[in-house]
Protein chains: 4
Amino acid sequence: MAIEFSSSESIYIQIADYISDKILLGEWTTDEKISSVRELAIELEVNPNTVNRSYEFLQHQEVIYTKRGLGFFVAPKGKENIKSYKRRQFFEKDLPGFYRNLLLLEIDILEIEAGFQQYKLLNKGSNK
Amino acid sequence: MAIEFSSSESIYIQIADYISDKILLGEWTTDEKISSVRELAIELEVNPNTVNRSYEFLQHQEVIYTKRGLGFFVAPKGKENIKSYKRRQFFEKDLPGFYRNLLLLEIDILEIEAGFQQYKLLNKGSNK
Amino acid sequence: MAIEFSSSESIYIQIADYISDKILLGEWTTDEKISSVRELAIELEVNPNTVNRSYEFLQHQEVIYTKRGLGFFVAPKGKENIKSYKRRQFFEKDLPGFYRNLLLLEIDILEIEAGFQQYKLLNKGSNK
Amino acid sequence: MAIEFSSSESIYIQIADYISDKILLGEWTTDEKISSVRELAIELEVNPNTVNRSYEFLQHQEVIYTKRGLGFFVAPKGKENIKSYKRRQFFEKDLPGFYRNLLLLEIDILEIEAGFQQYKLLNKGSNK
DNA sequence: GTGGTCTAGACCACC
DNA sequence: GTGGTCTAGACCACA
């Protein structure tokens with residue numbers, strides 16, 4: 001199984017993220033066919049309905065689109081859409097809480113920055 | 001209503017956070033009585049059961065304790081407990097995803113740092 | 001059973017329309033609770049999942065919203081939203097084809113108009 | 001590509017409509033040969049099987065007929081057949097929903113009529 | 001083969 | 001009680 005599902009978030013969201021990440025990383029590009037529902041369901045050992053739900057979710061965000069009988073494909077601007085969607089989410093939802101935590105928990109932002117440099121080194125080349 | 005409940009997280013957790021923050025900010029100190037369940041329920045326009053659940057949750061984390069018939073009070077070391085709990089949560093759960101986002105969404109950490117300086121200025125003294 | 005499901009369109013869309021119509025007709029107003037998923041499922045003799053899907057669809061269009069553990073409620077501006085959504089659909093998707101048919105099938109628009117006057121008479125007061 | 005396939009209806013039906021319209025507009029008349037399956041498939045960038053299905057559908061409605069090895073031809077009474085078929089469809093399926101929408105969305109039928117006059121002017125001679 | 005829909009039934013967290 | 005998610009399995013139309 002390619003994903004370790006964390007318990008806190010729903011599986012279909014995690015799958016959508018998994019697909020989004022592949023698109024963001026350039027593994028799939030515009031108009032390229034992505035894994036079929038059944039294929040991915042088998043690969044991730046989940047029910048096809050669950051994958052279907054993820055794909056519906058991504059389709060709704062105009063990240064992918066469907067051609068009847070053929071499968072799902074990366075939408076034109078799919079990468080941009082997912083990126084702007086996630087950026088909005090990040091700046092509007094994650095960041096305020098993040099700042100709040102830094103302040104309340106008295107964490108030095110320089111420590112965060114140092115941690116990030118390490119993180120970057122660890123993930124060089126490892127994200128295919 | 002003092003809290004805008006975000007839809008993604010459960011209400012009782014949001015209420016617990018609300019209380020925790022007040023303690024972290026020093027608004028309530030050790031052995032000081034906090035709002036009664038009923039009071040808070042009215043203030044936040046939620047079911048008393050929900051507030052009760054929040055208090056149970058905080059009690060379990062040894063942030064508050066109860067004196068029968070008198071109400072809930074800030075535990076000795078309450079502030080430390082909540083702080084260490086939140087720090088653990090922050091470093092283990094929030095930070096990895098945060099780093100991942102920075103990388104994937106091509107956000108410069110210096111931008112984050114600059115934003116934080118602003119945030120600190122805005123919240124000097126204003127967070128009651 | 002309150003709806004005669006037509007075979008051509010998916011059930012969950014028909015249910016969404018059923019709810020939309022009730023809101024458009026003023027049967028439910030802003031912040032009023034609508035039927036619970038299970039209730040409606042029993043009433044319409046369909047699977048709760050199907051009703052759930054309809055509600056998700058409407059929620060996405062900001063016609064209804066959910067309060068955890070309490071149920072679904074008509075959204076502020078829910079009526080406006082559904083109305084503008086349907087009007088857009090009508091003018092952009094239905095009307096062009098309608099005009100095309102009138103022309104190709106050599107149907108007189110006055111005949112359409114006359115039929116509408118009759119239709120209005122028949123439905124006076126009958127739509128509760 | 002000559003047709004923008006709308007996602008809601010199946011492609012083979014859309015192709016059948018495309019052919020029907022040409023016949024209704026008098027572009028092809030009785031016993032005239034229509035595009036071959038292969039030609040049309042290339043023109044519309046679809047699978048020949050799909051065009052085949054459209055032709056079968058039209059053949060079933062006695063709008064076209066086939067001569068082995070020669071191709072498909074407009075049937076005698078082909079125009080009349082498609083016209084009566086579409087009229088029935090129009091009055092039985094489209095019109096009731098149309099009326100319902102006018103009422104529910106508070107659209108003035110006079111507005112519809114005015115729009116049609118414009119539509120007629122725009123399409124004088126321009127529909128090839 | 002593909003996606004799309006629906007059912008039945010289950011379990012969960014939440015209020 | 002409420003919605004939210006997931007599984008298993010089925011059937012359909014479509015390419």
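The values are calculated or read from the model by the stated rules, or taken from the named source; none is laboratory data. No experiment lies behind these values; they were computed from the predicted model shown. So basically every Cβ, Gly included, is an ideal-geometry build from the backbone, and we count neighbours across all protein chains shown.
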Residue that is modelled with the lowest pLDDT, among those in the range C:1-21 that are among the charged types (D, E, K, R) and away from DNA strand F (no atom under 15 Å from the Cβ): C:Glu4
Residue count, the range A:73-107 (criterion: under 30 Å from B:Phe91 (Cβ atoms) and either more than 9 Å from chain B (Cβ to nearest Cβ) or free of Cβ contacts under 8 Å to residues at least 40 places away in the same chain (or both)): 24
Count - residues of the range C:55-78 that are assigned to a loop (DSSP other than H, G, I, E, B), more than 17 Å from A:His60 (Cβ to Cβ) and more than 13 Å from DNA strand E (Cβ to nearest atom): 3
Selection status of A:Ser54, within 13 Å of DNA strand F (Cβ to nearest atom) and among the small types (Gly, Ala, Ser): yes
Residue within the range A:32-48 that is touching a strand residue (DSSP E or B) at 6+ places or on another chain (Cβ under 7 Å), within 14 Å of another protein chain (Cβ to nearest Cβ) and away from DNA strand F (no atom under 11 Å from the Cβ) present: no
Filter pass, D:Leu25 being within 8 Å of another protein chain (Cβ to nearest Cβ), in contact with a Leu (Cβ under 8 Å, 6 or more places away or on another chain) and either within 30 Å of C:Lys83 (Cβ to Cβ) or at pLDDT below 90 (or both): yes
Hey, A:Leu70 more than 10 Å from chain B (Cβ to nearest Cβ) and within 17 Å of B:Ile109 (Cβ to Cβ) or not: no
Residues located in the range A:94-113, provided they are closer than 21 Å to A:Ile13 by Cβ and either within 16 Å of the chain's Cα centre (by Cα) or assigned to a loop (DSSP other than H, G, I, E, B) (or both): A:Asp94
Qualifying positions in the range C:89-101 - surrounded by 11 or more Cβ atoms within 10 Å (Cβ to Cβ) and out of contact with any helix residue (DSSP H, G or I) (no Cβ under 6 Å at 6 or more places or on another chain): C:Gln89, C:Phe91, C:Lys93, C:Asp94, C:Leu95, C:Pro96, C:Gly97, C:Phe98, C:Arg100
Number of the condition not met by C:Ala75 [criteria: (1) loosely packed, with under 15 Cβ neighbours inside 10 Å; (2) more than 27 Å from D:Ser8 (Cα to Cα)]: (1)
Members of the range C:6-54 found to be free of Cβ contacts under 8 Å to residues at least 40 places away in the same chain, outside any helix (DSSP H, G or I) and within 15 Å of DNA strand E (Cβ to nearest atom), listed by number: C:Ser6, C:Ser7, C:Ser8, C:Glu9, C:Ser10, C:Ser36, C:Val46, C:Asn47
Single match in C:Ile64, C:Ile11 (criterion: closer than 25 Å to A:Thr50 by Cα and crowded, with 19+ Cβ neighbours inside 10 Å): C:Ile64
